[in-house]
1. When only Cα pairs under 8 Å and 6 or more residues apart are kept, what is the percent relative contact order across segment 635-707?
2. Please compute the length gained on full extension between Glu25 and Asp45, using 0.36 nm multiplied by the number of residues separating them and subtracting their Cα-Cα distance.
3. Given just the C-alpha atoms of the chain, how large is their convex hull per residue in cubic angstrom?
4. Based on other C-beta atoms within 10 Å, arrange Ser101, Ser595 from fewest to most.
5. Round to the nearest 0.05 the FRET efficiency obtained for Gln195 and Trp460 when R0 = 45 Å and r is the Cβ-Cβ distance.
6. Taking the number of other C-beta atoms within 10 Å as the exposure measure, put Leu417, Leu275, Leu57 in order starting with the fewest.
7. At a Förster radius of 25 Å, what calculated FRET efficiency corresponds to the Cβ-Cβ distance of Ser544 and Ser411, to the nearest 0.05?
8. Please arrange Ile235, Ile98 by counting, for each residue, the other beta carbons lying within 10 Å of its beta carbon, fewest first.
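Derivation of every value follows stated rules applied to the coordinates shown; laboratory data play no part. This structure is a prediction, so every number in the text was calculated from the model and none was measured. Virtual Cβ from ideal backbone geometry, glycine too; neighbours counted across all protein chains shown.
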Amino acid sequence: MDTVAKPRGANGAGHIPLNDFLPPESPTDMAVQALRRFEPAPAPDFAPMWFRRGFVLTGTAILTAAGCYEMYRVLQVGGITVLESIILALFVLLFAWIAFSFMSSLAGFFVLLTGKKDELGIDASTPLPAIHSRTAMLLPTYNEDPHHLLARLRAIYESVEATGHSAQFDWFVLSDTTDPAIWIAEEKCFLKLRQDIGSKAALFYRHRPENTARKSGNIEEWVRRFGANYECMLILDADSLMTGDCIVRLVAAMEAHPKAALIQTLPIIVNARSLFARWQQFAGRLYGPMLAAGIAWWHGSEGNYWGHNAIIRIRAFAQYAGLPELRGRKPFGGHIMSHDFIEAALMRRGGWAIHMVPTLRGSYEESPPTLADFVARDRRWCQGNLQHLALLPTRGFHWVSRLHLLTGIGSYLTAPLWLIFLVSGILVSLQAQFVRPEYFPKGASLFPQWPAQDPVLAAWVFAGTLGMLIVPKLWAFVALAFDRDTRKKFGGGPLVLAGIFAETILSGLTAPVMMIFQSSAVGEILFGRDAGWQVQRRDDGAVSHRDMLSTYSVPTLVGIAMAVAAYAVSVPLLLWMTPVILGLLLSIPMAMLSSSVDPNRRSRLFQTPEQAAPPPVLVRANELASTPHSPLACPLHELRHDAGLREAHLNNLSGQRPRKRGEVDPHLAIARAKIEDAERFEEAAGFLTPREKFAVLNSPAVLTNLIALPHQTFCNSEHPTASD
């Protein structure tokens, strides 16, 4: 039987069988962190960032004060009413949000223009450094397509192998999959990957019977069982791609900076096919590096973590990143959903540095194919970020870490604030149009108070706000002008300008729709509705017209209501609100257009360097993913007829934690009764529900009894879906 090399440093020697999915355990302690008490360690000796942070925060304050003053001048012409006071307060909050992003972009613009070196000294133009520590590559997965998942993993593995440093890495697929068919398909694809790579790879697979705490619990369970054998772990997502060069340089940076707990890369979107994904890919590639450079410049050692494509020092993670379960019911209680922000904040609280390296290339991810898929993912992120409201008072957090949490919370609360701002503006206009004003208020007054605003000054305030959103895009274009090679791969200056114009229009039309969806999500969460954890689609984004009508009917109706209300006041107000109303009214046709796919990919609009000159790891991943493969329709049938797969599956189950004495799984109990009542294998398999199949696949004894039943030559059980 083929073998695979045992991980270096593990107990024992020689080789392990191909169907032995896990290495010997190397446990490490991981304590759950207290949120209300903390004994601070001695202050770490990190580089001071007061000038940089003062520049960004002072600039934000000055711009906000100027915007607030101008808006006050707009509203104070006839005296400020209650509604106008609400508008002014909302404007200050929203303008401050825009100003904050503007200042970070300005900082990034100067960083790119000056060619400032990376804070950690990572220079991709130098020869690849030697590395000596052992790193675990962790790929958590939950009901993903196994063929595409392991195609990407193999491409990353081959890229690392090409660097000559593959002996320093062990690879773990950490499955939380609950779909029986996908689970067995994972094991089948994993076995094939091992056979294709051969005995030179330390490649392992582990499946959890219960996905407690989701991704964070998945990684934490691995750290507790295997973490002691490794210096660092590099976290991947199901859609992650990274080059071997990038990975080795990250490991070398961790070795060179022993106080660093985490280094976050800037993942670039690739493989976009639908129009929506393509303009997201273009915007992220053009504007993202500049904004990330500015953020990294003033964050320094108090950076943030985005949950993937980042390397983490296991000792720091195990010592300080154990997440507690929050009190109360979901959506605010329970396990922490957006765990990455909190893990970074906890490690920084413990005296470790958190860095981001936006200039290091070779880190990639994919985008949701449609706006509906983006909204579905955003709903989960919204709940996770609002859950951070309960974590803001945590003792010992660095103030920048608290700012990260506030930024995440604010990114969702701004949507309902914009909606309230717009509705309040309409109400003020309706009041002036239909409610008799009180020209002479109570008290002595020689002159009447006319309810009015300054329309000319309002236009200038609007233009200034819009300019703060658009100017950073032009800065990104100017920065690109100094990078001839990248500009050429974008398609040249004129094509980039056309892309900026088109992306601005499309994003502007989509923004009001996102405002409605995010406002709805915030409302649902505040009223106690849990979003759960849905599997993200990663196909081309085909959506039926019926689903589109159902999804976008609410934004359309809101657009109609706003249009009617604005027209009831005046045609000028309707024209003033056209950008918002038009985006809402066109939400359905925009959804149809943005989900369209150019099968021949002939359009050069929104071209990116990775599309024009794909990196070898991306080419290899797509080549492997496109190889023919058959979906697995019946997992029990597959195990019945594939003895090698069955042996590997049972071997994998032996590495699971035993069930506690007296603990009963009702699905397994029902499945056992159904199997005992059946005369043939096919009959028993047809009786079982997806949950019962999952329970059987987790029980070696019951699974063995099922397979021992007499069988026919077909399987009539239905293929279970991820939602089952």
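1. About 33 percent, as a whole number.
2. Full extension from Glu25 to Asp45 adds 3.7 nm.
3. 193 Å³
4. Ser101, Ser595
5. Efficiency at R0 = 45 Å is approximately 0.10.
6. Going from sparsest to densest Cβ surroundings: Leu57, Leu417, Leu275.
7. Once the sixth-power term is evaluated, E becomes 0.25.
8. Ile98, Ile235
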